[in-house]
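Asks: I'd like to ask you about the structure that follows.
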Amino acid sequence: MAKPIAKPLRYSLLLIGLGLIAGFLLAYVNNITSGVLAERQRALIQEAMNEYFDYASYSVDRSDDYDNLDSDISEIYFAFGVDDQVAAVIYKTVSQGYGGDVVSLIAIKADGTFDGVHMIEGSKETPGKGDKVLTHDFQVTGEPVDSFTFEILAGSSVTSNAVVNGIEAAAEHFQTVESSLGGITND
């Protein structure tokens, strides 16, 4: 009578052992690749900032320096002029669009005006309509953060609203840090 119980128990223990081994191997591979993937993502953001904005240098992500960030703000960078003074704050925002996450870079100059808005990810949008938002500038460049208007792209209101959510979150956060920008150094 003991044999019928032993066989299922043996198979159960074998499956548990294989599951543990597979779990440890997955964790090990993730540990190795996570650093590589994070570095690749940092390089892509740096390339995008260099492509869209004209500043001498950029800081690393400084979002950990701030508590209670809006959920749309995922990263914060400082852009420095040739004099190593903060020239702008660049926000990486992530909001839900029609076809998934919409990732944008929103630059606000130290004087409190928008320097530009550039959508850098969101290619799953409706072909011919939603994908036009990739090059749309929302007409905020030069507008002050405390009284700006924007232009939503007709035909892609969900994606446009995702970018606008990021613009509004960036403007709100910038107003809380604007007075402290002079004390930030390029390190």
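Asks: Using Cα springs under 10 Å in a Gaussian network model of the chain, which residue among ASP115, ASP146, ASP61 shows the largest mean-square fluctuation?
Replies: Most flexible of the set in this elastic network: ASP146.
Asks: What residues qualify as long-range amide H neighbours of GLY97, i.e. H under 5 Å apart, gap of 5 or more or another chain, H built at 1.01 Å from N?
Replies: It is VAL102, by chain and number.
Asks: Please report the Cα spread of the chain along all three principal axes, rounded to whole Å, starting with the longest.
Replies: Principal-axis extents of the chain (Cα, largest first): 83, 43, 28 Å.
Asks: For the chain, give the share of DSSP beta bridges that are antiparallel, in percent and rounded to the nearest 5; count only bridges with both residues there.
Replies: Given both bridge residues lie in the chain, the antiparallel proportion sits at roughly 100 percent.
Asks: Moving on. Report the residue, chosen from LEU15, LEU44, LEU105, that carries the largest GNM mean-square fluctuation when the chain is represented by alpha-carbon nodes joined by springs under 10 Å.
Replies: Answer for the Gaussian network model of the chain: LEU15.
Asks: Can I ask one more? Pick from GLY35, GLY99, GLY142: which residue has the top mean-square fluctuation in a GNM of the chain where Cα pairs under 10 Å get a spring?
Replies: Result for the chain, Cα springs under 10 Å: GLY35 fluctuates most.
Any read-out appearing in this document is the output of simple, stated calculations on the displayed coordinates, not a laboratory observation. Because the structure is a prediction, the values reported are computed rather than measured.
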